[in-house]
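**Q** Would you mind keeping the following structure in view while I ask a few things?
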Amino acid sequence: AQKLHQLLITSRNKATIDFSNASDSVLTKVVQALFPYGVTELLIKTRSTYVDIDGELVEPYKLSSMGNGFTFEVMSALLYSIAHVLDSSARVFGDDVIIANKHALTFIAVTKIIGFQPNMKKTFINSPFRESCGAFFHDDVGFLTSFEFTRMKTEVDVITFCNKLYIILHNENTKFLSLSLRQELSILHGELCSLIPASQKGYAPEGS
């Protein structure tokens with residue numbers, strides 16, 4: 001499913017839609033209203049009815065948390081059902097949605113009604129750039145290798161940072177990097193590698 005998403009974003013007539021806190025946005029009352037009774041009954045029986053917060057039992061509005069056995073699947077089924085009504089070629093993987101540009105705004109409006117909040121910073125409609133399931137594509141460039149870099153606080157952070165730099169420096173899709181930037185990143189990679197104990201070094205990462 002992820003590979004299919006990564007291929008579909010090459011299409012100019014597709015929009016990619018992302019949501020904020022999506023797994024926390026699947027509300028129990030929405031599932032009860034929209035899912036078949038038999039399915040809903042099983043989901044309700046196997047969810048955590050209460051959460052203990054500092055000794056106080058609180059009943060959550062959401063169906064379940066991420067990490068629960070069916071959170072991802074229920075979210076996928078819910079969003080796919082809505083998207084498919086609008087566009088039979090729509091695809092959903094978790095909260096990653098690919099839908100025809102002409103139906104994207106309607107889809108977003110409907111999902112807002114049931115409690116979802118679209119992340120417009122990661123949503124691309126009628127755009128030359130599209131992103132889904134960790135893949136990035138621009139009509140003028142093709143597939144892009146892109147990572148988020150954050151401040152390093154632990155040894156694991158340093159290793160992760162190093163691996164990201166290595167992949168960028170050795171990926172054919174980053175050939176558009178300027179020579180000066182490539183040199184700076186290469187120097188940074190070497191300096192970071194010198195900080196990592198030999199016991200934590202292994203084979204070069206093959207991909208993201």
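The values are calculated or read from the model by the stated rules, or taken from the named source; none is laboratory data. Every value quoted in this text rests on a predicted model; they were computed, and no experiment measured them. Here the Cβ is made from the backbone with ideal geometry for all residues, glycine too, and neighbour counts use every protein chain on show. Protein only, heavy atoms only, side chains kept; ligands, DNA and RNA dropped before computing areas. Shrake-Rupley method; radii C 1.70, N 1.55, O 1.52, S 1.80 Å.
**Q** Compare Leu43, Leu179, Leu78 in a GNM of the chain, Cα atoms joined below 10 Å, and give the one with the largest fluctuation.
**A** Leu179
**Q** Would you calculate the separation in nanometres between label points at Ser146 and Gln32, each defined as 7 Å from the Cα along the Cα-to-beta-carbon direction?
**A** 4.0
**Q** Can you tell which of Leu57, Gly67, Phe116 lies farthest toward the positive end of the dipole of the range 34-125, using +1 and -1 charges on the Cβ of basic and acidic side chains (Lys, Arg; Asp, Glu)?
**A** It is Phe116, whose Cα lies furthest towards the positive end.
**Q** Using Cα-Cα distances under 8 Å and only pairs 6 or more residues apart, what relative contact order does the chain have, in percent?
**A** Normalised by residue count, the contact order of the chain is 25 percent.
**Q** Here's something else I'd like to know. By accessible area of protein heavy atoms, probe 1.4 Å, what ranking do Met75, Met120 get, highest first?
**A** The residues order as Met120, Met75, largest area first.
**Q** Hey, how many Å between the Cα centroid of the range 123-142 and the Cα centroid of the range 1-28?
**A** 12
**Q** Could you give me the radius of gyration and the Dmax of the range 87-201, taking only the C-alpha atoms into account and expressing both in angstrom?
**A** Every Cα atom of the range 87-201 included, Rg and Dmax give 18.8, 54 Å.
**Q** Moving to a separate point now. Keeping all protein chains in position, work out how much accessible area Arg130 exposes to a 1.4 Å probe, and write it in Å² to the nearest 10.
**A** Rounded to the nearest 10, that gives 0 Å².
**Q** Here's another thing I want to ask about it. Tell me the volume per residue, in Å³, of the convex hull enclosing the alpha carbons of the range 89-157.
**A** Output value, Cα hull per residue: 138 Å³.
**Q** Now for a separate question. Over the range 32-125, what number does the Rg to Rh ratio reach, with both radii from the alpha-carbon atoms and Rh per Kirkwood?
**A** With Rh from the inverse mean 1/r over Cα pairs, Rg/Rh is 1.02.
**Q** Give me the 1.4 Å probe accessible area per residue for the chain, excluding ligands and nucleic acids, in Å².
**A** 62
**Q** As an exercise, take the mean of 1/r over every pair of distinct alpha carbons in the chain, invert it, and state the Kirkwood radius in angstroms.
**A** 19.8
**Q** Hey, can you list the DSSP H helices of the chain whose Cα span along the axis is 24 Å or longer and whose average Kyte-Doolittle score is at least 0.5?
**A** Helices meeting the criterion: none.
**Q** Still on this structure, please answer the following. Kindly report, to the nearest 10 Å², the accessible surface of Lys122 as traced by a 1.4 Å probe over protein heavy atoms only.
**A** 110
**Q** Can you tell me the dipole magnitude for the chain around its Cα centre, using point charges on the Cβ only (Lys, Arg +1; Asp, Glu -1), in Debye to the nearest 20?
**A** Dipole size: approximately 540 debye.
**Q** Using a Förster distance of 22 angstrom, determine the FRET efficiency expected from the C-beta separation of Arg182 and Thr160, and round it to 0.05.
**A** Using R0 = 22 Å, I get an efficiency of 0.60.
**Q** Take the solvent-accessible surface of the protein heavy atoms, probe 1.4 Å, and return the percent of it on the range 107-206 that carbon and sulfur atoms account for.
**A** In the range 107-206, the share of accessible area belonging to carbon and sulfur is 55 percent.
**Q** Just to be sure I follow: if Rg is taken over the C-alpha atoms of the range 34-77 and Rh is the Kirkwood radius over the same atoms, what is Rg/Rh?
**A** Rg divided by Rh gives 1.01.
**Q** Now for a separate question. Under the 0.36 nm per residue contour assumption, what length would be gained going from the current alpha-carbon distance of Thr106 and Ala198 to full extension?
**A** Additional length available on full extension: 27.7 nm.
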